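Structure record follows, encoded as structure tokens.
Bear in mind that the values in this text are calculations on the coordinates, not laboratory data. The structure displayed is predicted, hence computed values, not measured ones. Cβ: placed from backbone, ideal geometry, glycine included. Neighbour counts: every protein chain shown.
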Amino acid sequence: MLPVLFPALLIGCLHRAPAPVATASPGLAPASPTAVAPASPAPTPDPCSATLDHGADLYNAGKADPAVKVWTEGYAKCGAGHSFLAHEGVAAAKAQHFDDAAKLAMQELSEPGPDPLALKLLVALRGSVSPEIIVAEQGMGRSAAAPIMTPDVGGEYAWIRYLTCGGKESALKQSLVSGPAGMLDEMQFVCPGQTTPQTLYFDFSADPTEKALEQEMNAVEAGAGSGTPSPDAPPPASPPATTPPTPAPK
């Protein structure tokens with residue numbers, strides 16, 4: 001029986017509250033009109049996000065098959081990093097196709113920019129999938145060449161605890177190592193009640209904190225390379241004031 005977790009994972013219909021209507025206080029004259037600057041043009045919507053949202057609208061309206069079709073086509077066009085596979089996985093789980101749902105979640109977590117929804121889904125499905133799926137999960141992240149893509153650093157600990165060690169915490173040794181596309185976390189551990197050491201590799205580049213740090217470092221490096229100081233750099237020091245020397249007496 002699937003845990004009662006899926007309703008919380010699904011994207012619900014969003015309702016935007018209407019903006020409050022301003023009303024004049026009694027006894028006060030209306031304010032004089034002021035010059036209004038022309039509004040900036042609205043940013044162009046991301047077509048991939050719009051496709052994901054369109055599928056969610058269909059799904060929430062009870063049209064699961066058309067929603068899955070939209071997400072499948074969106075993934076084919078936009079690729080990884082847009083949560084299409086995670087959403088398809090939730091739809092498959094709701095239809096009780098648990099192995100298919102787990103495969104979609106695992107694929108989401110093997111590609112850049114995974115949605116946290118995929119890891120939550122995989123944990124929720126743990127007791128409902130076939131032994132073949134368990135074996136496939138256990139094979140993920142065993143080499144630096146094919147790390148597990150985690151949505152954040154906390155996902156590394158969740159994976160080890162819930163998907164590798166049966167819900168039990170374990171002592172960990174964490175190291176940074178080089179991977180195909182950047183630095184990885186190498187996690188060495190022994191599950192409670194076992195004696196065999198295990199090692200998993202995680203790509204944490206999707207973590208929001210790591211992304212912000214990388215952007216900041218890139219901005220600093222770009223400023224240094226172009227000769228343009230970073231906006232956060234301190235102003236250059238003023239030259240020290242010097243007093244002209246007193247002429248020697250004749």
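Measuring nothing but alpha carbons in the range 47-138 and taking Rh as the Kirkwood radius, the Rg to Rh ratio lands at 0.97.
When GLU111, GLU216 are sorted by how many other C-beta atoms sit within 10 angstrom of their C-beta, beginning with the fewest, the order is GLU216, GLU111.
How fast does the range 139-227 diffuse by Stokes-Einstein, in µm²/s, taking the Kirkwood radius from C-alpha pairs at 20 °C and 1.002 mPa s? Using the Kirkwood radius from Cα pairs, D works out to 151 µm²/s. Scalar couplings 3J(HN,Hα) for the range 48-57, obtained by applying the Karplus form with A = 6.51, B = -1.76, C = 1.60 to θ = phi - 60°, are 6, 5, 5, 5, 4, 5, 4, x, 5, 4 Hz; x denotes Gly and Pro.
Ranked for footprinting exposure by Cβ neighbours inside 10 Å, fewest first, LYS103, LYS168 give LYS168, LYS103.
The phi torsions of the range 94-102, fed into the Karplus equation with coefficients 6.51, -1.76 and 1.60 and a -60° offset, translate into couplings of 5, 8, 6, 9, 5, 5, 4, 4, 5 Hz, rounded to whole numbers, with Gly and Pro shown as x.
Would you mind checking which residues have amide H under 5 Å from GLY179's amide H? H placed 1.01 Å from N; only 5 or more apart, or other chain. So GLY179 has HN proximity to LEU184. Across the range 183-189, computed HN-Hα scalar couplings (Karplus, 6.51 cos²θ - 1.76 cosθ + 1.60, θ = phi - 60°) run 7, 10, 8, 9, 10, 10, 7 Hz from first to last residue, x flagging Gly and Pro. Which entries in LYS94/LYS173; LYS103/LYS173; LYS69/LYS120 show an alpha-carbon gap greater than 32 Å? Violating the 32 Å limit, Cα to Cα: LYS94/LYS173. Points 7 angstrom from Cα along the Cβ direction at SER130 and ALA222: gap in nanometres? For SER130 paired with ALA222, the spin-label model returns 4.9 nm. Neighbour counting of Cβ atoms within 10 Å sorts the residues TRP159, TRP71, fewest neighbours leading, into TRP159, TRP71.
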